[in-house]
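First the structure, in the form of structure tokens, and then the observations on it.
The values are calculated or read from the model by the stated rules, or taken from the named source; none is laboratory data. In this text, all values refer to a predicted model and were calculated from it rather than measured experimentally. Neighbour counts run over all protein chains shown; Cβ positions are idealised from the backbone, glycine included. Just so you know, the surface numbers come from the protein's heavy atoms only, side chains and all, with ligands and any DNA or RNA stripped out. Shrake-Rupley method; radii C 1.70, N 1.55, O 1.52, S 1.80 Å.
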Amino acid sequence: MMTYPVIAIDGPSASGKGTVAAKVAEILQWAYLDSGALYRLTALYTQQCGVNPANEDAVADLAVHLPVMFHHGDIFLNGSNVAGKIRSEEISLLASQIAALPKVRQALLQRQRDFAKSQGLVADGRDMATVVFPDAVLKIFLTATAQIRAERRAKQLGIALDTPEFRQILSDIEKRDEADRKRPIAPLKQAADAILIDSSHLSIDEVVEKVILLYRQIEK
Ligand code: DC
């Protein structure tokens, strides 16, 4: 079977990897996979179906049958647009919880690989380079300090720094980082052959430029 090149971009939440990955995909005219959205969708579906998130088999079954459609940045679950809904703090925490279940990860594995079936793919997540696409032609680990990531998220939400709301965002980011790093299965970690980019003092466009440059170098 024909295989297509994959660029894997992993990193903690709010590191900017989603925006970077989508822009790189656009420049290369490749497909884009937001793997975190699949975990978020599974979390939302679990909630909607009234399934206990600790029931691994039941959640994995929902993950296999996720009635999802991605369309130009919109995400439809069972026909309704849930692109905004899956970004709530509640769903973020639930997604982190169900992402620690091995059977759920297994259920989403093939679904993720299918995105590279018809063209090149830029995939972002936590385990793109280590588990889902170990043969990716370029592996990036994108990070930034928790403080800077919290500041970026606060800016997006229009929340002032040095407020209880801001401290909550920072604490949620730290909590999620810890959960994603410490889980025994597919934890968030830099692959041995991944290139580290610290975006703390870089703009999104500067990171995009770096990634494209790295890809052009290996393409030669
Ligand atoms: O990237 P994100 O914040 O949208 O991810 C949502 C949750 O899903 C987060 O807790 C980590 C988890 N996740 C994962 O375990 N593996 C991935 N490849 C992507 C996301």
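Looking at segment 35-54, can you tell me whether even one residue there is in contact with an Asp or Glu (Cβ under 6 Å, 6 or more places away or on another chain) and within 16 Å of the ligand (Cβ to nearest atom)?
Within segment 35-54, not a single residue is in contact with an Asp or Glu (Cβ under 6 Å, 6 or more places away or on another chain) and within 16 Å of the ligand (Cβ to nearest atom).
If residue 9 passes every condition in (1) assigned to a helix (DSSP H, G or I); (2) in contact with a helix residue (DSSP H, G or I) (Cβ under 9 Å, 6 or more places away or on another chain) but one, which one does it miss?
The single condition residue 9 does not satisfy is (1).
Among the residues of segment 60-70, how many are open to solvent by 30 Å² or more (accessible area, probe 1.4 Å) and in contact with a strand residue (DSSP E or B) (Cβ under 9 Å, 6 or more places away or on another chain)?
To start, the set of residues in segment 60-70 that are open to solvent by 30 Å² or more (accessible area, probe 1.4 Å) comprises 61, 64-65, 67-70.
Right, trim to in contact with a strand residue (DSSP E or B) (Cβ under 9 Å, 6 or more places away or on another chain) and you get 67-70.
Adding up the residues that qualify gives 4.
I want to confirm something. Restricting to segment 97-122 and keeping residues that are assigned to a loop (DSSP other than H, G, I, E, B) and among the polar types (S, T, N, Q), which single residue is farthest from residue 26 (Cα to Cα)?
Filtering first and then ranking leaves 118.
What number of residues within segment 179-220 are within 12 Å of the ligand (Cβ to nearest atom) and surrounded by 13 or more Cβ atoms within 10 Å (Cβ to Cβ)?
The total comes to 8.
Restricted to segment 74-96, and to residues that are assigned to a loop (DSSP other than H, G, I, E, B) and either over 16 Å from the mean Cα position of the chain (by Cα) or in contact (Cβ under 8 Å) with a residue 24 or more places away in the chain (or both), which residue is surrounded by the most Cβ atoms within 10 Å (Cβ to Cβ)?
Of all residues in segment 74-96, those assigned to a loop (DSSP other than H, G, I, E, B) come to 78-79, 82-84, 88.
Filter again for either over 16 Å from the mean Cα position of the chain (by Cα) or in contact (Cβ under 8 Å) with a residue 24 or more places away in the chain (or both), leaving 78-79, 82.
Values: 78: 11, 79: 8, 82: 21.
My answer is 82.
Only one of these is within 11 Å of the ligand (Cβ to nearest atom) and not small (Gly, Ala, Ser): 98, 7, 27. Name it.
Sole residue among the options that is within 11 Å of the ligand (Cβ to nearest atom) and not small (Gly, Ala, Ser): 98.
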